[in-house]
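Below you'll find the structure, written out as C-alpha cells, and then a few comments.
Laboratory data are not the source of any read-out in this text; all were calculated from the coordinates shown. Because the structure is predicted, anything quoted here is derived from the model rather than measured. When we count neighbours, we look across all protein chains shown, and the Cβ atoms used for this are built from the backbone with ideal geometry, even at glycine.
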Amino acid sequence: MVDEVSLIGMDTAQGQQGALFGTGNLLEDLVDFVRSGVGCRLVMMGDSAQLPPVGLDSSPALNSSFMEGFGGVRYCELTSVVRQEKESGILRNATILRELIASGAAESGMDSLPMDLNGVDDIVRVSGGELVDTLTDAYSRFGEDGTMVLCRSNKRAIRYNMGIRSMVQFKEEGLVRDDKLMIVKNCYQFVENVKGLDYIANGDMARLVRIGGFEERYGLHFADATLFFPDYDAEVNAKVCLDTLESESATLSYEQQNALYQGVSADYSDRGSKKRIWDAVREDKYFNALQLKYADAITCHKSQGGQWDCVFVDCPFWQDQYGIEDLKWLYTALTRAVKQVYLVNFKDNCFV
C-alpha cells in the first residue's frame, strides 16, 4: 500500500542523476517489484488535485488510463475530507479549488479566483507589514513545530527562513542548537545503530542537537552533527553538508554533486577496479553527508504528505492569469493546514 502517489514520477533521466538504487524510474520500479512477488497486489492512494511530480503536468500514478498499461486496474474515488472541520473555511475553499481543477475551467487561464473568506476566521489575509507580528503570535499559539510557511520556490523559502531567523527568532547567522531542519536527499548511512530507522528520507524533519568539526573538502563545507528526528523519536550522529542550507537549488547542484563524486572517487583510486571504487564511494561519509535546509519555510512540493496546525501561504502568483498548476499549488498549500491559514500578500482578485 503506497500513499501520496501523486508525488511518484517516472523521469528516468532525472532519477539516474542521483539514484543509488533502481533505474531511476520509481513508478516502473515499484510495479516491477510488486510483480516479482507471488499473489501480490499494489494499492495506490493519492489526491489528483495536488501538485504532480516536479517537471510533470499530471501525476501518472493517479491516471487510470496510463496505469492500465501495466495491467488490470481498479479505480475508486473518495469524496469526504476529514482533515478539516466540516464547516471550516479551509475546507470550503479547498473544495472550491478542487471543483475548479476538475472542471478544467482554468486550462485556458482565469483572470480571478473565487475564494470565499466571508464568515470564516480560519483563513486570514495578511500583509507584509503584519507578517512578523502574525508569525510571532502563531508560534505562541501553535508552536514552531505546529507552524509552517509554504513558498513556491527555494529562493522565496530562503528569504523567509533568513527573515524568520533574524526578526522572529532573533538567531545569529549559522546553525545553532534547536534549529528546525529538513533533509532534502535520501540517505542510507548513519542509521546502523538507530532502532526503528532504516534510512533518512528526503523531506524528513529534524532538530539540531549539537554541531562541530567544521571542515572544507571537495569544494564543499561539512560538519559533524547530532540531529533529533521527532517522527522517529531518535537521535542520529551524521556528517552534514552545509552548502544546501542557503542554496536556491533543491539539493546540491549537478556541478557540486559531480565534483563531490570525482573528489571522493579519487580518494579511493587505489582500490583498482571501477566497481570497487564505486562500492567505496557509496559507503563514504562525505558522499553520503546529509543535505540540509532550514525548515521554518519550505516549498509547497516539499510539504506534500505533511500537515501543520497553522500554515502561512506566501502568494505564489506573479502572472496576470491563473492556470491549472496555480490552482493545484494553492489547493495543496491550503490542505496542509488543520486549524489556521494565513494568506500573505494575496491580490484582491483572488477573492469574491
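Summary of values
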| read-out | value |
| --- | --- |
| Unit charges at the beta carbon, dipole of the chain: most positive-side option, CYS310, LEU7, THR299 | LEU7 |
| CD proxy at 222 nm, helix term only [per DSSP H run n ≥ 4: -39500 (n - 2.57); per residue of the chain; nearest 500] | -8500 deg cm²/dmol |
| Estimated dipole of the chain in Debye, rounded to 20 [Cβ of Lys and Arg +1, of Asp and Glu -1, Cα centre] | 540 |
| Gain upon complete extension [GLU77, GLU28; 0.36 nm per residue less C-alpha separation] | 15.4 nm |
| Label zone at ASP309, where the point sits 7 Å out along the Cα-to-Cβ direction: the stretch 317-343 residues whose backbone N lies under 17 Å | 336-342 |
| Whole-Hz ³J(HN,Hα) from phi, Karplus 6.51 cos²θ - 1.76 cosθ + 1.60, for the stretch 109-121, glycine and proline x | x, 10, 7, 8, 10, x, 5, 10, 9, 5, x, 10, 10 |
| The chain, relative contact order in percent, only Cα pairs under 8 angstrom and at least six apart counted | 23 |
| Helical segments meeting 18 Å axial Cα length and Kyte-Doolittle 0.0 threshold in the chain (DSSP H) | 89-103 |
| Projected-area mean, the stretch 180-294, by convex hull of Cα positions, square nanometres | 7.2 |
| Gyration tensor over alpha-carbon atoms, the chain, equivalent ellipsoid semi-axes in Å | 35, 28, 18 |
| Amide H contacts under 5 Å for ASP243, placed H, 5+ residues apart | HIS221 |
